[in-house]
1. Can you tell me the dipole magnitude for the stretch 139-304 around its Cα centre, using point charges on the Cβ only (Lys, Arg +1; Asp, Glu -1), in Debye to the nearest 20?
2. Which distance in nm do the two modelled labels at residue 218 and residue 267 give, with both placed 7 Å along the Cα-to-Cβ direction?
3. So what's the projected area for the stretch 18-157, the Cα convex hull averaged over all directions, in nm²?
4. How long are the semi-axes of the equivalent ellipsoid of the chain, taking √(5λ) for every eigenvalue λ of the Cα gyration tensor, in whole Å from largest down?
5. Which whole-number percentage describes the relative contact order of the stretch 139-304, with Cα contacts under 8 Å and a sequence gap of 6 or more?
6. Quick check for you: which residues of the stretch 155-190 have the amide N under 20 Å from the point 7 Å beyond the Cα of residue 299 toward its beta carbon?
7. Give the long-range amide H neighbours of residue 32: residues separated by 5 or more places, or on another chain, with amide H under 5 Å away, using H modelled in the peptide plane at 1.01 Å from N.
8. Run lengths n ≥ 4 of DSSP H only: what is the helix-derived mean residue ellipticity at 222 nm for the chain, with -39500 (n - 2.57) per run over all residues, to the nearest 500?
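Read-outs throughout are calculated quantities, based only on the coordinates presented, and are distinct from any laboratory measurement. Quick caveat, the model's predicted, so the values are computed rather than measured. Counting neighbours? That spans all protein chains shown, and the Cβs are built from the backbone with ideal geometry, glycine included.
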Amino acid sequence: MRILGIMSGSSLDGIDMASVVFDDSADWSLESYTTIPIPNDLTEKLKRVVDMNAFEIAKVESDYSHFLSRIINQYIKSHKLQVDYVSIHGHTVLHNVDISTSWQLLNGGLVASLVNKKVVCDFRNGDMALGGQGTPMAVIADRDLFKGHDYYINLGGIANVSYQKDGQWQAYDICPCNQVSNYFANQLGKPYDANGQLAKQGEVREELVGKLLEEEYIKKPHPKSIDNTWIKQYWIPIMESYQLSAVDNLATHHAFLVKLISKLITVKGVNIFITGGGAKNKQFISDLQSELLGRAEVIVPNDEIIDFKESILMAYMAYLRVNETANFIHSASGAHRDVIGGCVYMS
């Protein structure tokens, strides 16, 4: 079975697309992959969507769905692929556990019609309806596709972690990550802080590091999850209240991440499999390894896995969904039972 997995993260740095082939025993291979930039005008609309009225949101969803359909058709044609399913996460507008809702912009029926393929989407709401957090989804791929590690940390727009404890899988959102560093890098005219070089120029404000480490969400027991809007409306304003320069904010955020992730690793002699855009930040990886003081080995995979792990995950989520197999683990999400998440739109 060949599935095209499509992911666009909260950082809006592009659409990651991966063609993944699964056999009947769920063995898999990454066949091809690419990242396609989102047009600037659409990116700006997606950034502002939380402030729009219903009609405006529907229009952006239509534009986004048409854009995805065009690049999917181009990709399938250029790679001469016979695709069985297209699996799409969509652009998150809202993720709120209190109202059991996760809202991703995507008209799955429209995309299925335009690409003439079955589309699988809307994965999170089934888990949330049964009391789960609807996130992180990555734990299912960590368990089944990337075996052999003790901790799995994804440094994306939001950092999350997966691990086993007493034979049960645990997973949760750790804290805001690249969304924050990108925000302050943007103030310096950069899309992101390449290799932590901007943070390296700044001065760490230890008082703010301590404040962030004591924040209610950080101390809250898991399972737990973070909404993108909360980062913009709550977390970043806390940092900005200290009136630091952009480079000092970057340095402080960098130091906070290193300290917090190090504190998560309470067992000696383990390894940590790190993916997401932050895994390419060599300065961060070096500082984290130093902070761990030999307690753990940091493993960074090749660029294919760093860049496309979430697209591979989306393909696997769809593979499990169409085979009517659970793709959410209740011990990790907090749901009442394991869940088969996702809606299927026929072509």
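1. Dipole about the Cα centre, nearest 20: 160 debye.
2. Simple spin-label model gives 2.5 nm for this pair.
3. Over every viewing direction, the Cα hull of the stretch 18-157 projects on average to 10.4 nm².
4. 31, 24, 20
5. This gives 28 percent for the stretch 139-304.
6. 155-156, 160-172
7. 19
8. About -11500 deg cm²/dmol.
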